[in-house]
1. Looking at the range 1-46, which of its residues are open to solvent by 50 Å² or more (accessible area, probe 1.4 Å), over 24 Å from Arg59 (Cα atoms) and among the charged types (D, E, K, R)?
2. What are the pairs, 6+ residues apart or on separate chains, where a residue within the range 37-49 that is at pLDDT 80 or above has its Cβ under 7 Å from a residue that is surrounded by fewer than 10 Cβ atoms within 10 Å (Cβ to Cβ) and not hydroxyl-bearing (Ser, Thr, Tyr)?
3. Ala56 - would you say it is modelled with pLDDT of 90 or more, assigned to a strand (DSSP E or B) and under 15 Å from the mean Cα position of the chain (by Cα)?
Amino acid sequence: MRGVTQPVAVTVGAVVPDGRRLTLEGTATVDRYAFGVTTAKGMTGRRLKIDLSVEAVAR
């Protein structure tokens, strides 16, 4: 965000293998201030929870 790159910890909750496909679900919490986003304080909280669903397919 805003040209800032840094690692974010992702908590993986589910891993579902299905043949050549792998589905993962997880969550991450991002502190907007750590990425330089300090505007719109009344619109959203400082920390944002992100839900992820990732699907990988082997070729």
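The values are calculated or read from the model by the stated rules, or taken from the named source; none is laboratory data. Bear in mind that the values here come from a model prediction, so they are computed numbers and not experimental data. Cβ coordinates were reconstructed from backbone atoms using ideal geometry, including for glycine residues, and neighbour counts include every protein chain displayed. For accessibility, only protein heavy atoms count, side chains too; no ligands or nucleic acids. Shrake-Rupley method; radii C 1.70, N 1.55, O 1.52, S 1.80 Å.
1. Arg2, Lys41, Arg46
2. Short answer, once both residue conditions are applied: Val37/Arg2.
3. no
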